[in-house]
Amino acid sequence: MTNPNYDHPALADLDGFRIEVDAENERGDIILDRAPMNVISMRQRDQLRAAFEALDGDDRVRVIVLRAEGENFSSGGYIKGFLDASPEHVSHLADNIAAPWRCAKPVIAANKGYTFGVGFEISLACDFRIAAKSTRYALPEQKLGQIPGSGGSARLQALIGLARTKDVVMRSRRISGQQAYDWGIAVELVEDDALEAATDALVSELRGFSPMAQRTAKKLLNDSENATVATGIELEGHGYSRLRQSEDFAEGVKAFHEKRKPVFVGR
């Protein structure tokens, strides 16, 4: 594994995390590394955005993984930082944490232990969440006289509905890994010692698809999230039509008829 030497000034001195690129497996990892709680600082939020953008633009990377060292994914943000930050800076918090959602590439969050506050919110902005059984999700801001400020309540409501989101947000209630899986927040629930293997398996699976088809599917689903069915179908048709002209689609059809595994090139 190598540490990419990206030119973005925000990535010159990483605060509380590191970046690893495994070019052989076409994988880029952002690893929260301020154990045991992996508290996320205000400066770190800006850096995380730059890290996702850098990996999204790295041709060696097909899949991005957000994970953490230690027993906990993240207990949330550095509380005092909210009082020190300017109102203008605070107004951009959700934009920074939406970086995984904006990535053209698929993003996986590997969650375990405390996944609170901004740790939960940035996981919700990822495409896939794998939860270890130790995972406890929460948006505890009500206990501070606040509300989630990085998109958590909106993303959660889109996943589990209004009533359940009120129960979680307004009561600062913790959601177990099992409940998160039952509610559709997590796509997989695994033993803690199987989290790494499950993440590796999902990366490998996603790498087997056409990069162009993956990018198109993600953009379509993001763009049509709040659209009417008719609008969603219209957007789907445009995406389908563009992919119809691609080399990857021709290769996929050819491989299907030849009963072999396709070799996609992303064109």
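Each value in this text was obtained by applying a stated rule to the coordinates, not by laboratory testing. Values in this document were obtained by computation on a predicted structure and should not be read as measured data. Note that we place each Cβ from the backbone using ideal geometry, even for glycine, and neighbour counts take in every protein chain shown.
Given 4 °C and 1.567 mPa s, how large is the Stokes-Einstein diffusion coefficient of the chain in µm²/s, with Rh as the Kirkwood radius over Cα pairs?
Values: Rh = 19.4 Å.
Diffusion coefficient, whole number: 67 µm²/s.
Pairwise Cα distances in the range 211-257 exceed 15 Å for 48 percent of all pairs.
Of the GluC sites (Glu not before Pro) found in the range 158-267, those that fall in a DSSP loop while having at most 13 other beta-carbon atoms within 10 Å are E191, E225, E258. Taking amide H as placed 1.01 Å from N in the peptide plane, the amide H of V65 sits under 5 Å from that of G28, D29, I30, I108, each at least 5 places away or on another chain.
Near L159, within a Cβ-to-Cβ distance under 14 Å, what is the net charge of the other residues, with Lys and Arg +1 and Asp and Glu -1?
Around L159, the surrounding residues sum to -1.
Other residues whose C-beta falls under 11 angstrom from the C-beta of I108 contribute a net charge of -1, scoring Lys and Arg +1 and Asp and Glu -1. Can you tell me the orientation of helix 42-56 relative to the chain, as the angle in degrees between its alpha-carbon axis and the longest Cα principal axis, to the nearest 10? Approximately 0 degrees, to the nearest ten. As a size descriptor, the averaged projected area of the C-alpha convex hull of the range 108-193 was calculated at 4.7 nm². When the chain is treated as a GNM with alpha-carbon contacts under 10 Å, the residue of N111, N25, N72 showing the greatest mean-square fluctuation is N25.
For the options A50, A250, A94, a Gaussian network treatment of the chain with springs between C-alpha atoms closer than 10 Å singles out A250 as fluctuating the most. Using the Cα gyration tensor of the range 168-267, with a ≥ b ≥ c the square roots of its eigenvalues, what is the shape: rounded (a/c below 1.5), prolate (a/b larger than b/c) or oblate (neither)? Oblate, since a/c reaches 1.5 and b/c is not below a/b.
Note on the range 42-189: Cα-Cα pairs beyond 23 Å make up 32% of the total pair count.
Dipole magnitude for the chain: computed about the Cα centre from +1 point charges on Lys and Arg Cβ and -1 point charges on Asp and Glu Cβ, it is near 700 debye. Straight-line cross-link partners of K261 among the aspartates and glutamates, defined as a Cα under 17 Å from its Cα and at least 8 positions apart when in the same chain: E205, E247, D248, E251.
Taking only C-alpha pairs under 8 Å that are 6+ residues apart, what is the relative contact order of the range 113-267 in percent? Numbers along the way, then the final one.
On the way: 184 pairs, mean separation 31.6, N = 155.
Answer for the range 113-267 is 20 percent.
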